[in-house]
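Each reported figure results from applying straightforward, stated rules to the coordinates on display, with no laboratory input. As the structure is a prediction and not an experimental result, all values here were calculated from the model. All Cβ positions, glycine included, derive from the backbone under ideal geometry; neighbour counts span all protein chains shown.
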Amino acid sequence: MSKQSTTRTPRSEPSLSDHSAERSEASVSPANQRLQRLAREHLMLHFSDMAAYGEGNEVPLIVEGEGCRVTDAAGRRYIDGLSGLYCLNLGHSHGAEIGEAAAEQMARLPFASNWTVAHPPSIELATRLAELAPSNLNRVFFTSGGSESVESAWKLARQWHEANGQPQRRKAIARRDAYHGVTLGALSFTGIPVCRTAFEPMAIPVTHVSSTNAYRHPRGDDPEGFRKALLDEIESEIEFQGPETVALIIAEPVQNAGGCLVPPPGYWQGLRELCDRHGILLCSDEVICAFGRLGEWYGAQRLGYQPDLLTFAKGLTGAHFAMGGVMISDKVAAPFLDGRADYLNGLTFGGHPVGCAVAMKALDIYERDDVLGNVRSNEKVAEQQLASLCDIPIVGDVRGMGHFWALEIVRDAETREPFEGEVAEWLLKDVLSEKLWEEGLVCRLDDRAEPIVQIAPPLTAGPELFEEITQILRRGLEHAAERAGERG
Ligand SMILES: Cc1ncc(COP(=O)(O)O)c(C=O)c1O
């Protein structure tokens, strides 16, 4: 499958180094043709311009994975530089081993719910997650994914305030550009206008404050001044809303959308202090950052803070089962345990026994193979490798942590002038995306905020994969810089 860029990809869509693919000799097998036709006739892709997949433009078909690589229907191999969708943390080679655990559980008890009953796999998994978490988080409510986790955290927050005599706390604060899911409750927290506008008014009153993009903030070059400016802004938003009406602040340890936005030192400790002072609950949304992405089990441990609620999903099972949850602190759990409140929430598949068995096996593999240690030891190499691309005129900033990195693409690295509008879209989605795809790299190109390229390979990758990715990025970015220069 070769890659063709498309100018029809809407700006709302981040591109997995991109979509519709030109018909190549190798991909015209009858089996592939059949799948292409059926995909066009029956499958609705997520956040995709379906019109782009007409005659002559193929839907990219990933058919196999091994280690940190995937193979398409035409037999071409690509580096999975995005761990599927920031979720395939253990790579593509543990499916058989994890599958055995799933098969055993299916044979014993394929399903039991967590509605008023329990079963051993959910009890064992909840206990294990609590043992791995910051010391105040000792209870878990399971869900089927990230959006449900975020909504479940919101319900806990609302009911907690109500049980404590503060039912008027109905508002939340989140950050601009942040992605917290797109189901209608979670969408309220998402700070990306193009995802929200069509569905307004939002279900939950959420206001959005600045992200931690140091490269774009006027105080970003001074970590202490930056931290203070961000926290002052949040405090003035709390004051403006009325502190007694705010229920929750939600943020990711390192924000994904906008491009791996690492907060300045002390930021999360400042959020903690603000929340405590104003009686607000603090939720760490770790749908991406938990389970090793930042080199620790939870991002809160990497950055040294204790949230009241912690949402997770993707990496728990290494994406071998659709599963997520909320870690609940002792403080938040209290009214649900002493009879002041019944949690008004339930999901058929939350705590699915097969999912729990899969998660337990995935956690065994994380521990057995010291996957977190691998991430920590790769971090410096990743940083050095990616930073070496800063000599390319369109690379403005390199940032990230662990196995979670972004490059911000700019028109002028001196002035930080961004590419905007159609030019940004052309450069990212036509030029760069096409080149990276041809070179065999799946990564994310996103222009919902400033244009970025994102790299988040499986946590099992060795340092040499970052070197290979960097070489591909160099070829892609130099090509894009040249094309941008021609266009002026
Ligand atoms: C931080 C964060 N929260 C929530 C979600 C929503 O998760 P899901 O797509 O599983 O509903 C995502 C998805 O990428 C995410 O990154």
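With distances taken between every two different alpha-carbon atoms, region 398-488 has a Kirkwood hydrodynamic radius of 13.6 Å. Looking at the chain, how many pairs of lysines come closer than 24 Å at the Cα, when each pair is eight or more places apart or spans two chains? Lysine pairs satisfying the spacing and distance rule in the chain number 8. Computed from the C-beta positions of ASP276 and LEU109 and an R0 of 35 Å, the FRET efficiency is 0.25 to the nearest 0.05. Ordering ALA319, GLN166, LEU230 by the projection of their Cα atoms onto the charge dipole of the chain, which places +1 on the Cβ of Lys and Arg and -1 on the Cβ of Asp and Glu, puts GLN166 at the extreme positive end. Geometric descriptor of region 75-146, per residue, is 149 Å³ (volume of the convex hull of the Cα atoms).
Tell me, what is the percent relative contact order of the chain, built from C-alpha pairs under 8 Å that lie six or more residues apart? The value is 22 percent. Working note: 222 nm ellipticity from helices only, DSSP H runs with n ≥ 4, each -39,500 (n - 2.57), summed and divided by the residues of the chain, gives -11500 deg cm²/dmol to the nearest 500.
With N as its number of residues, the chain has a Cα radius of gyration that, divided by 2.2 N^0.38 Å, comes to 0.97. Taking square-rooted eigenvalues a ≥ b ≥ c of the alpha carbon gyration tensor, is region 311-430 rounded, prolate or oblate, where a/c under 1.5 means rounded and, failing that, a/b exceeding b/c means prolate? Since a/c reaches 1.5 and a/b is larger than b/c, the shape of region 311-430 is classed as prolate. Potential lengthening of the chain between TYR343 and GLU239 amounts to 34.5 nm, from the contour at 0.36 nm per residue minus the alpha-carbon distance. What nm distance separates the two modelled labels at GLU200 and SER135, each placed 7 Å from Cα along Cα→Cβ? Each label point lies 7 Å from its Cα, and together they span 4.6 nm. Packing, taken as the mean count of other beta carbons within 10 Å per residue, orders the peptides 185-198, 148-161 from highest to lowest as 148-161, 185-198. Taking other residues whose beta carbon is less than 15 angstrom from the beta carbon of ARG368, and scoring Lys, Arg as +1 and Asp, Glu as -1, yields -4.
Placing unit charges on the Cβ atoms only, positive for Lys and Arg and negative for Asp and Glu, gives region 362-488 a dipole magnitude near 100 debye about its Cα centre.
Among CYS283, ILE192, CYS260, whose Cα lies farthest out toward the positive end of the dipole of the chain, if unit charges sit on the beta carbon of Lys, Arg (+1) and Asp, Glu (-1)? Comparing the listed Cα positions along the dipole, CYS283 ranks first. Distance between the pseudo-spin-label points of SER93 and ILE123 (7 Å out from Cα toward the beta carbon): 3.7 nm. Here the peptides 311-318, 377-384, 247-254 are ranked by packing, the mean other Cβ count within 10 Å, and the order with the highest first is 311-318, 247-254, 377-384. Modelled spin labels at LYS155 and ASP369, positioned 7 Å past Cα toward Cβ, are 3.5 nm from each other. Take every DSSP beta bridge whose two residues both sit in the chain; close to 70 percent of them are antiparallel. When the charge dipole of the chain is built from unit charges on Cβ atoms (+1 for Lys and Arg, -1 for Asp and Glu) and taken about the Cα centre, the candidate among LEU344, VAL70, ALA387 whose Cα reaches farthest toward its positive end is LEU344. For region 112-351, what is the percent of antiparallel DSSP beta bridges, rounded to the nearest 5? The answer is about 45 percent antiparallel.
Magnitude of the charge dipole for the chain, about its Cα centre and with charges confined to Cβ atoms of Lys, Arg (+1) and Asp, Glu (-1), is about 960 debye.
For region 52-88, the residues whose backbone nitrogen is under 13 Å from a point 7 Å from the Cα of ARG475, taken along Cα to Cβ, are 77-79. Magnitude of the charge dipole for region 112-351, about its Cα centre and with charges confined to Cβ atoms of Lys, Arg (+1) and Asp, Glu (-1), is about 260 debye. Taking only the Cα atoms of region 289-365, the radius of gyration and Dmax are 14.1, 40 Å.
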